[in-house]
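The values are calculated or read from the model by the stated rules, or taken from the named source; none is laboratory data. Model, not experiment: these values are computed from the prediction. Neighbour counts run over all protein chains shown; Cβ positions are idealised from the backbone, glycine included. Heads up: the accessible areas ignore ligands, DNA and RNA and are worked out on the full protein's heavy atoms, side chains in. Shrake-Rupley method; radii C 1.70, N 1.55, O 1.52, S 1.80 Å.
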Amino acid sequence: KSFTQEFQLIENNGNGLDWILGAFYSNERGTDTSSSSSLQFVNPSNPGITYGLVRNTSLAFFAQGKYALSDQFSITGGVRYTDESKSLISRNRTVIVDLAQSVTAGRCSIAVALRPNPAICESSPIKDSYNAWDYLFSLDFKPTDDILLYAKTSRGFKAGGQNLRGQDAVTFTPFGPETVTEYEIGAKMEFMDRRVRLNLAAYTDK
């Protein structure tokens, strides 16, 4: 199940400063399950069952503005703050489906230290949170109505998360977030009364 909501305030008159202010919220709940077998004829721990109760929330605030310095030059700047939280309750086990039977039969894959009730094959909630500031900045130059030259830099963010196939404190160690910073220059051109279009770009991501 997923719920999202976004709120925006916009001023866009094409003269001087155009801007947008906004907020975004997302809440996801669900299960992630799989069953797999390996060396089925000699391995008694088949199938391996991965079962995770997942909850993810995201809250972000953003602002961006574009200002026309002249008919030919414009500047754009934007910023976004994102705060995300991830929660996982694991019921990883083998063969036995019932959570209590998995423990008595020795088929629970969750370490005892992570189970609030040692008699039930279910971990305590494993929670992690991530936040970051992202930005965008660009300069545009239009020497004619058919030619746009630009230079841009921006930064993006993707939150980390948990390993659904974990079993103990070490294997449940979360993976970290990803960030990328991009630098780009380019040109967008049209010729022959807009019957021919040519776009050029050079960029690098770090």
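Details
- So F7, is it touching a residue at least 12 places away in the same chain (Cβ under 8 Å) and open to solvent by 80 Å² or more (accessible area, probe 1.4 Å): yes
- Here the condition is being under 30 Å from D146 (Cα atoms), modelled with pLDDT under 95 and out of contact with any His (no Cβ under 7 Å at 6 or more places or on another chain); of A68, A63, A105, it holds for A68 alone.
- Test: residue in region 18-37 that is over 23 Å from S90 (Cα atoms), at pLDDT below 90 and not polar (S, T, N, Q): no
- Residue in region 76-95 that is over 34 Å from the mean Cα position of the chain (by Cα), at pLDDT 90 or above and not charged (D, E, K, R) present: no
- Criterion: closer than 26 Å to T173 by Cβ, exposed (fewer than 15 other Cβ atoms within 10 Å of the Cβ), without any contact (Cβ under 8 Å) to a residue 60 or more places away in the chain and more than 31 Å from the chain's Cα centre (by Cα) - qualifying residue of S102, S70, S124, S38: S38
- When Y130, Y135 are checked against the criterion of being under 21 Å from the mean Cα position of the chain (by Cα) and either crowded, with 18+ Cβ neighbours inside 10 Å or among the aliphatic types (A, V, I, L, M) (or both), Y130 stands alone in meeting it.
- Residues of region 140-153 classified as in contact (Cβ under 8 Å) with a residue 12 or more places away in the chain and surrounded by fewer than 16 Cβ atoms within 10 Å (Cβ to Cβ), total: 6
The rows are residues; the columns are (1) in contact with a Leu (Cβ under 7 Å, 6 or more places away or on another chain); (2) more than 30 Å from N12 (Cβ to Cβ); (3) open to solvent by less than 60 Å² (accessible area, probe 1.4 Å); (4) aromatic (F, W, Y).
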{"residue": "S58", "(1), (2), (3), (4)": "no, no, yes, no"}
{"residue": "G65", "(1), (2), (3), (4)": "yes, no, yes, no"}
{"residue": "V79", "(1), (2), (3), (4)": "no, no, no, no"}
{"residue": "D98", "(1), (2), (3), (4)": "no, yes, no, no"}
{"residue": "R107", "(1), (2), (3), (4)": "no, yes, no, no"}
{"residue": "R115", "(1), (2), (3), (4)": "no, yes, yes, no"}
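- Strands (runs of 3 or more DSSP E) fully within region 106-206 counting 3 or more residues that are closer than 19 Å to S74 by Cα and out of contact with any Lys or Arg (no Cβ under 9 Å at 6 or more places or on another chain): 126-144, 147-158
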